[in-house]
Amino acid sequence: MQNMHNMRPREPNKALQYRGRFAPSPSGLLHFGSLIAALASFLDAKAFVNANGEQGKWLLRLEDIDPPREQQGASSAILTTLAAFGLHWDETELYQSQQSQYYREILSSLTQQKLSYYCQCTRGKIKAIGGIYQGHCRSANHQASGCAIRLVNQYGLHKFNDIFQGEVVCDQALADEDFIIHRKDGLFAYQLAVVADDIAQNISHVVRGCDLLEPTARQLTLYQTLNASFLPCTTPKYGHIPLAVCNDGYKLSKQNKAPAIDNDKPQPALIAALAFLGQSPEPELAGASVAEIIQWAIKSWQRSRVPNKVEINID
């Protein structure tokens, strides 16, 4: 568990520090889409070497804050799979389920500074007025019972420069929305937890799938809110890679029951993932070990080769 009061802004360092991360949810086993995201974030970290000759760090975080969606044993299975594919993380893995006190401290500080409020609006009510929340409860002074907590959105950041996608422009209305940071059912919202933990782990680069392009705008807003109020922090650089989709248009995901990747035969999936990421794996890698494939991939990684697309059909 992180203690917010013990946190400090990153110390200035003449040599840039790269700290990336992979943050899967244990709602199922890793599939090919997961592998692409894990591999891209790993390679972008490990191919980085700063002026002091220090290689980038790659951290692992288990986003286990939604128990109803979690699959028994998935967390340990994810660790096993990553190791089988040669994706070894630096530092001890972080479990979001152990961060609750840290999240509560942030929520409390936001409340004290009048940067959040209780909201009792249902999804149905919001959908009926067009799908964008209009701040109905901002001045209603609701009590906590039966309410979600929303952030007072002062910034509405809707543009950012992406490592792979270039300039990204999100929907302005959605970016302006007072979004939920604590759910009615008592669970911490993804937007709060992901930003809080990226701050706690000093994450400098976030490489992940294009399904999170829109949420990035909200995370940028939360970063700016925290930094301007009570928690000095530096916003990471974001890079979003294409999603792997099937002929029916659905992305590979645990919810869509995408098949798990095979821990016993990792080489073909690794090579396929490198090809998906535009890295042109050499034919000789077909007979190579996992370690040899990974070493080749680190030395050969080029961001410019990653396709500038939101999704790629793999059927």
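The values are calculated or read from the model by the stated rules, or taken from the named source; none is laboratory data. Note that the structure is a prediction, hence the values are computed from the model and not measured. Virtual Cβ from ideal backbone geometry, glycine too; neighbours counted across all protein chains shown. Side chains are part of the model used for accessible areas, which takes the heavy atoms of the whole protein and leaves out ligands, DNA and RNA. Shrake-Rupley method; radii C 1.70, N 1.55, O 1.52, S 1.80 Å.
The table below gives the values:
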item: Segment Ala286-Cys246, length gained on full extension (0.36 nm per residue, minus Cα span); result: 11.9 nm
item: For the chain, projected area of the alpha-carbon convex hull averaged over all directions, nm²; result: 16.9 nm²
item: Val152 long-range amide H proximity, modeled H, under 5 Å; result: Ser116, Tyr117
item: Global form of region 107-251, assessed from the alpha-carbon gyration tensor, a/c cut-off 1.5; result: oblate
item: Within the chain: Cβ-based charge dipole about Cα centre, in debye rounded to nearest 20 (Lys, Arg +1; Asp, Glu -1); result: 780 debye
item: Amide hydrogen neighbours beyond the local backbone of Val207, cut-off 5 Å, H modeled; result: Arg21, Gly239
item: Paramagnetic reach from His88 (point 7 Å along Cα→Cβ, amide N under 13 Å) across region 282-303; result: 290-292, 294-295
item: Region 175-306: translational diffusion in µm²/s, Stokes-Einstein, Kirkwood Rh over Cα pairs, 25 °C, 0.890 mPa s; result: 138 µm²/s
item: Relative contact order of region 92-154, pairs being alpha-carbon contacts under 8 Å that are 6 or more residues apart, as %; result: 40 percent
item: Arg69/Ser304 FRET efficiency (R0 30 Å; Cβ-Cβ; nearest 0.05); result: 0.25
item: Accessible solvent surface per residue of region 72-209, calculated while the other protein chains remain in place, 1.4 angstrom probe, Å²; result: 46 Å²
